[in-house]
Amino acid sequence: MKDFFLIAKIISLFGKNGFVKIEPYSDFPQRFVELEKLFIDFWGDKKIFYVEDVKELNNAVALKFINFDDKRDAGVLVGRGIYVEEKDLIKLPDDTYYIHDLIGSKVFQGGKNIGTIADVISPPANDVIIIRNEKSKELLIPLVLDFIESFDPESKILVLKQNVSYDDED
């Protein structure tokens, strides 16, 4: 079974020639210019689509897929997720990771397991990891390098520095 990774969502039609406007979930919107194929989710099933044209807009990207030539054709795509296979993910710089690398990682501090990363949220300042402990209590910790001693994406282990404090009422 192939692994697929969400990189964008189709948010609206763009013009009348089959283009759709997307909301990229990537820090690399230029990646869409280089993509030849991608996958769109239809009720849990990923269908392959081939990119015919790309328009870079002010704060967004518009895509046109082969055989989608008007509003009616492209209308069925609005609201759907866009995915790529793992081999088409962008190679990230050192100390930069995909959210899927973080989710499911065990978090340790001072040798103690404080929980597992359940999610990553992106408020305006910086990303925040949501750590869920064995009692399903959630801890929120800013995802900044100053707080992290180490992260091993292969073993899915994140170690926080000793000086990082968090609200733990237990």
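The values are calculated or read from the model by the stated rules, or taken from the named source; none is laboratory data. No experiment lies behind these values; they were computed from the predicted model shown. We place every Cβ from the backbone using ideal geometry, glycine too, and count neighbours over all the protein chains shown.
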Among the numbered conditions (1) assigned to a loop (DSSP other than H, G, I, E, B); (2) more than 25 Å from W43 (Cβ to Cβ), tell me where S150 comes up short.
(1)
Do you know which of the residues in the stretch 114-170 that are surrounded by 14 or more Cβ atoms within 10 Å (Cβ to Cβ) and of a type in the set (G, A, S) is farthest from D27 (Cα to Cα)?
G115
Find the residue count for the stretch 62-73, including only residues that are in contact with an Asp or Glu (Cβ under 6 Å, 6 or more places away or on another chain), loosely packed, with under 15 Cβ neighbours inside 10 Å and not β-branched (V, I, T).
0
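Table: residues versus (1) in contact with a helix residue (DSSP H, G or I) (Cβ under 6 Å, 6 or more places away or on another chain); (2) over 27 Å from D119 (Cβ atoms); (3) surrounded by fewer than 17 Cβ atoms within 10 Å (Cβ to Cβ).
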position: F4; (1), (2), (3): no, no, no
position: I11; (1), (2), (3): no, no, yes
position: D27; (1), (2), (3): no, no, yes
position: E52; (1), (2), (3): no, yes, yes
If the Cβ limit is 7 Å and pairs must be 6+ apart or interchain, which residue in the stretch 67-87 that is farther than 21 Å from P29 by Cα pairs with which residue that is of a type in the set (S, T, N, Q) and surrounded by fewer than 18 Cβ atoms within 10 Å (Cβ to Cβ)?
D69/N17; D70/N17
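Okay, residues lined up against (1) assigned by TED's automatic domain parsing to the domain that holds F49; (2) more than 29 Å from I22 (Cβ to Cβ); (3) over 22 Å from the mean Cα position of the chain (by Cα):
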{"residue": "N67", "(1), (2), (3)": "yes, no, yes"}
{"residue": "V78", "(1), (2), (3)": "yes, no, no"}
{"residue": "I82", "(1), (2), (3)": "yes, no, no"}
{"residue": "G104", "(1), (2), (3)": "no, no, no"}
{"residue": "I114", "(1), (2), (3)": "no, yes, yes"}
{"residue": "E154", "(1), (2), (3)": "no, yes, no"}
Exactly one of D101, D69, D119 is part of a strand (DSSP E or B) and not aliphatic (A, V, I, L, M), and that one is D119
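Among what's in the stretch 74-97 and is part of a loop (DSSP other than H, G, I, E, B) and acidic (D, E), pick the residue that is surrounded by the fewest Cβ atoms within 10 Å (Cβ to Cβ). Even if it seems obvious, please write down each step before you answer.
Step one: of the stretch 74-97, the residues part of a loop (DSSP other than H, G, I, E, B) are 76-80, 89-97.
Add one more test, that the residue is acidic (D, E), and what stays is 94-95.
Numbers: D94: 5, D95: 8.
So the residue we want is D94.
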I'd like to verify a number: residues in the stretch 32-49 that are surrounded by 14 or more Cβ atoms within 10 Å (Cβ to Cβ) and touching a helix residue (DSSP H, G or I) at 6+ places or on another chain (Cβ under 9 Å), how many?
2
